Amino acid sequence: MEEKEISQAVIGRLPRYYRYLGELKMSGVDRISSRELSKLMHVTASQIRQDFNNFGGFGQQGYGYNVGFLYEEIGKILGLDNDHNMILIGAGHLGQALINYMNFRNRGFFFRGAFDVNPDLWGKEAGGVKIYPCDDEKMKKFIADEKIDIAVLCIPKTQAPAIAGKLVSYGIRGIWNFAHVDLPVPDDVQVENVHLSDSLMKLSYNLRRHTSETAKNGKKSEDWDRNL
């Protein structure tokens, strides 16, 4: 049977559901209704039910959702029931910060090695991960030996397309891309782009909109006071 196509908007909400359910599970909560979950997450109960119905629903009428079961099922949907071996390309400040973020390991994402062009970093470790020279043959062998399935790119955008092409030829099928450039890869290679400046600009927009609305509402209040 053909697998149902799920929208990226729904997929984008799954990690947040997973995080909240994990916190509820650790707090000893056994079950929760869509209404209770909506209050915690500020997502409508209708949206939650629609999202879960894409994968079979998981809930029972009059009971709600079993927190532990739902947490595990969403984890499976996200592929977290399998470990993922990763390499880092570009062991600068951002790359080393990612390697040292312990929560990746808790979710089953393991950095097995890092590669950088800076000879001052070769042979050193970051977060217990050894840094190697960006040698094509070394990288190719490392990917095969360590069964690497995800590459994390923290390199200049001018270098990223060429490096991505090599990684794909070495067997990489998932790229977490922090370079501010779109990568020309085959359709069977999955790329998740992370543009930090885009997120910051979105925050700037929301701050501007909120400030504007606050000023507008304040003006309305002043006009109302004058008319009293």
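The values are calculated or read from the model by the stated rules, or taken from the named source; none is laboratory data. A quick note: this is a predicted structure, and the numbers were derived from the prediction, not measured. Quick reminder, even Gly has a Cβ in these numbers, built from the backbone with ideal geometry, and neighbours come from all protein chains shown. The accessibility values were calculated without ligands, DNA or RNA, using every heavy atom of the protein model including side chains. Shrake-Rupley method; radii C 1.70, N 1.55, O 1.52, S 1.80 Å.
Just the number, please: percent antiparallel of the DSSP beta bridges in segment 92-178, rounded to the nearest 5.
Of those bridges, close to 20 percent are antiparallel.
Tell me the accessible surface of Phe109 in square angstrom (1.4 angstrom probe, heavy atoms of protein chains only), to the nearest ten.
The accessible area comes out at roughly 50 Å².
Of Val185, Leu94, Val43, which is farthest along the charge dipole of the chain in the positive direction, counting Lys and Arg as +1 and Asp and Glu as -1 at C-beta?
Of the listed residues, the answer is Val43.
If I stretch the segment between Asp136 and Asn217 completely, what's the gain in nm (0.36 nm per residue apart, minus their alpha carbon distance), one decimal?
Gain on extension, Asp136 to Asn217, equals 23.1 nm.
Could you compute the FRET efficiency for Ala9 and Asn193, with r as their C-beta to C-beta distance and R0 at 22 Å, rounded to 0.05?
Calculated transfer efficiency: 0.85.
Using a 1.4 Å probe on the protein heavy atoms, what percent of the accessible area of segment 128-196 belongs to carbon and sulfur?
C and S fraction of accessible area: 52 percent.
Just subtract the alpha-carbon distance of Asp30 and Arg105 from 0.36 nm times their residue separation and send over the number in nm, one decimal.
Gain in length upon complete extension: 24.5 nm.
Where is the GNM fluctuation largest for the chain (alpha-carbon springs, 10 angstrom cutoff): Ile175, Ile150, Ile77?
Ile77
I need the peptides 95-102, 40-47 ranked by packing, meaning the mean over residues of other C-beta atoms within 10 angstrom, with the highest value on top.
Ranked from most to least packed, the peptides come out as 95-102, 40-47.
Rounded, prolate or oblate, given the Cα gyration tensor of segment 82-195, with a/c below 1.5 counting as rounded?
Taking the square roots of the gyration eigenvalues as a ≥ b ≥ c, segment 82-195 is rounded.
So how far apart, in nm, are the two label points at Glu146 and Asn82 if each is 7 Å from Cα heading toward Cβ?
Modelled inter-label distance: 1.9 nm.
Return one whole number: the accessible area per residue of segment 74-228 in Å², for a 1.4 Å probe.
63
With the contact rule set at Cα under 8 Å and sequence spacing of 6 or more, what percent relative contact order holds for segment 28-136?
19
Label points 7 Å out from Cα along the Cβ direction at Tyr63 and Leu200: separation in nm?
4.9
Helices from the chain with mean Kyte-Doolittle at least 1.0 and a Cα length along the axis of 27 Å or more, per DSSP H: which?
Once both thresholds are applied, nothing remains.
Round to the nearest 0.05 the FRET efficiency obtained for Ala162 and Glu125 when R0 = 22 Å and r is the Cβ-Cβ distance.
E between Ala162 and Glu125, to the nearest 0.05, is 0.25.
Using only helices, what value at 222 nm comes out for the chain when you add -39,500 (n - 2.57) per DSSP H run of length 4 or more and divide by the total residues, to the nearest 500 deg cm²/dmol?
-15000 deg cm²/dmol
Over the chain, what is the percentage of antiparallel beta bridges among all DSSP beta bridges, to the nearest 5?
Approximately 20 percent, going by the DSSP bridge assignments.
Going by the alpha-carbon gyration tensor, a ≥ b ≥ c the square roots of its eigenvalues, is the chain rounded (a/c under 1.5) or, if a/c is not under 1.5, prolate (a/b greater than b/c) versus oblate?
Verdict is oblate for the chain.
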